[in-house]
Structures are given as C-alpha cells and as structure tokens.
Amino acid sequence: MLSRIFGRFSQDMGIDLGTANTLVYVKDKGIVINEPSVVAINTRTDEILAIGEMANHMIGKTPAHIVAVRPLADGVISDFEIAEKMIKYFIDRIHRETFALMPRPRVVIGIPLEVTEVERKAVEDAVLNAGAREVHLIEEPVAVAIGARLPIQDAMGSMVVDIGGGTTDIAVISLGGVVTAKSIKIAGNEMTDDIINFAREEFNIFLGERTAEEAKIKIGSAVNLPEKLEIAVRGRDVITGLPREVILTDEHIREALKRTVRLMIETIKDTIEKTPAELVADIYQRGVLLSGGGAMLRGLPEAIREEIKIPVYAADDPLTSVARGTGIVVEDLDRLASVLIPGTKSGSSR
C-alpha cells in the first residue's frame, strides 16, 4: 500500500540497460540520462566513487585499489550488486527535483533476445531492489521497432538489427511478437577489440580501450570511402614498453573489422533464410532497420545491402532507439502490454 502511495509521486521510466551505455526515458520528459554503464569502486572500502560518465573517464587511469567496473556483459547483468546500485543511482537522480522521498516508479526495461529465465530474473530483481514498484521487460528489437514507429502489431513483417555493445540482436517482428530471431555476442565491443588486436599485430603497439573506440568512431567504416581518413593514436610499444604514436587510416580499421562485419552479415542472412516467405516479401518491400551504436559505422547499411539485396537503413539517432521504444511503452502501458515479456515466477511487482 505504502509503495503505491509513494508511486503516485514517482516518475515512470523506460530504461535501456546496455553493456556500453545506460539510457533512461522519463514519462512526459523524454530521454534525460545517457551515460556509460560504468561504476568506479574503491576495493579497500567497497565504496562507490563514481557512476556513469565520471567513472568512464577513470578506465585505465586508476591506482590498483580503484577499479572501473562494467556490471553488464553481453547485454546481461554480470555483477548483480553493482548493477543494482547503478540503477538506484539513476532512479534517485531523476527524482531529486521531485517531492518523492521514496520513489517507486514503474519501469519498462529492454533486454536482449535469447536471455535465460535466470538472466531475466536478475534484471527484474535488480530494478525492484533499486526502488521500482513494477518492472516490465521488453525485447530490445521490439523496443527499437516501436521507437521507429514500425507497424509491428499489424500482420506485416518488420526486420530489425540492433547492434549494441555486447550483442547483435536480429529479429523479424509481426503481430506484436518476434517470429524469427538470432542473437550473437559480436557487436560494438568486439569491434573495439578487433582494432586493439590489429594494432598489436600490425604495428607492435598496445592501445587502450578508449583509444581504440575513438578510432572506431572517428574513422571506422565498412566500405571504401571517397576520401582517406586517418587518426594519430598513442599507446605502449610491445617491444620497448615505451610510449609511441602511430597513424591509423580508414583502410586499417576496415581490415580490422572485416571479420566481425562478415559474421554480422552472415547471421542476418541466416535469419532471413529461416523467415516465412510472406514476411520476407514484406521485408524486401520495407527494408531492414539498423539500430544501436554499431549502426553508426560508416557504410554498414551499404555493406549489408550489397550482400542481402534488400534495402537497409539506419534508424534516426540509432543510439537512443531502445530507450525511445521503452519510453513509448511506458507512456501507454495498457495499450502496449501485449508486446511485453511475461515476468518470472517470482513476479515483477511489489
């Protein structure tokens, strides 16, 4: 009873709890938080020093007793306690300017395809323990489609490829549900690792994670570009152990990412091959929607289109697609309840 009373003064929200970033959509306000899913901890005292952007700046720069932790791996919670504290921090931050002493919002949260019941329960428990009074789960590709205003509740096929930090989810959606789907643990983080490995093998230099990610964002591409791009990166020489700078070009990054891009395209092909013919006809007419940070890789839609011979296009602001979808659902929970995943046996409300 008390929880529901406090809930009247709380702000319902949609959350994209991603491996790389967490985005929070607040009812009637839109996306109000977009920060890295990183928590900095003092291992001597178990004290949390920073969460989000501030913690992300600490990666690779902390003394031994301070660690910057990502509490999610491959789209699911890997450190329950830290994930709970991060979610609670974001919930409390949103309610700082309200009169809610004990916020109890309803939360719609996106999860990857093909997660186990244990993994679903971990997400529910973490959000409930962080202060939510109700938790509703939605598959991320479905949230993307809703955010893009695709007619997923009609008898018409829509194909979504959501390339996040830890997973790439590929789904064909019709009549409000997923008809054919495939999820692979190859996505944005894998691309960053590819660049780190390439630099070590080709230039004998160790690059930091943030340096490699910056190179991916600034000059990364999946197809040949009309003009040459390059970036100066600094790291540690493999042989001497001393600092060194090298110049990476867009051609280097393409070579580094070639295998990962190929695996993504092959998985998209496999998903289409398993899709009913009538829905494939719809997809051929309507095209394939790309979302997530990986969709921002230059030329990726063109590279996929060349292979599958179907129109491919990136969502408007691909990074926020899931969060916008969860937000639309939380704005109209009653009408869109059919797109949600049933809660685990323990229940999804308190």
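Every number here is computed from the coordinates shown, using simple stated rules; none is lab data. Computed from a prediction, not measured in an experiment: that's the story for all the values here. Don't worry about glycine lacking a Cβ; one is built from the backbone with ideal geometry, like all the others, and counts go over all protein chains shown.
List of remarks:
- Size of charge dipole - segment 188-256 - debye, nearest 20, with Cβ of Lys, Arg +1 and Asp, Glu -1, no other charges: 220
- Protection proxy ranking, peptides 131-139, 116-124, average beta carbon neighbours within 10 Å, highest first: 131-139, 116-124
- The peptide list 48-59, 179-190, 228-239, put in order of mean Cβ contacts within 10 Å with the highest first, becomes 179-190, 48-59, 228-239.
- In terms of its C-alpha gyration tensor, segment 1-153 comes out oblate, because a/c is 1.5 or above while a/b does not outweigh b/c.
- When the listed pairs 27/121; 218/269; 85/121 are checked against a 22 Å cut-off, the alpha-carbon distance exceeds it for 27/121; 218/269.
- Globularity ratio of the chain, using Cα Rg and 2.2 N^0.38 Å: 1.03
- Proportion of all alpha-carbon pairs of segment 243-350 beyond 17 Å (%): 69
- The label-point distance for residue 270 and residue 49, in a model that sets each label 7 Å from Cα toward Cβ, rounds to 4.2 nm.
- Other residues lying with their Cβ under 14 Å from the Cβ of residue 162 contribute a combined charge of -4, Lys and Arg counting +1, Asp and Glu -1.
- The alpha carbon convex hull volume per residue for segment 121-184 rounds to 108 Å³.
- Net +/- balance of residues flanking residue 23 in space, Cβ distance below 12 Å, scoring K and R +1, D and E -1: -3
- Net charge of Cβ neighbours under 14 Å - reference residue 180; Lys, Arg +1; Asp, Glu -1: -4
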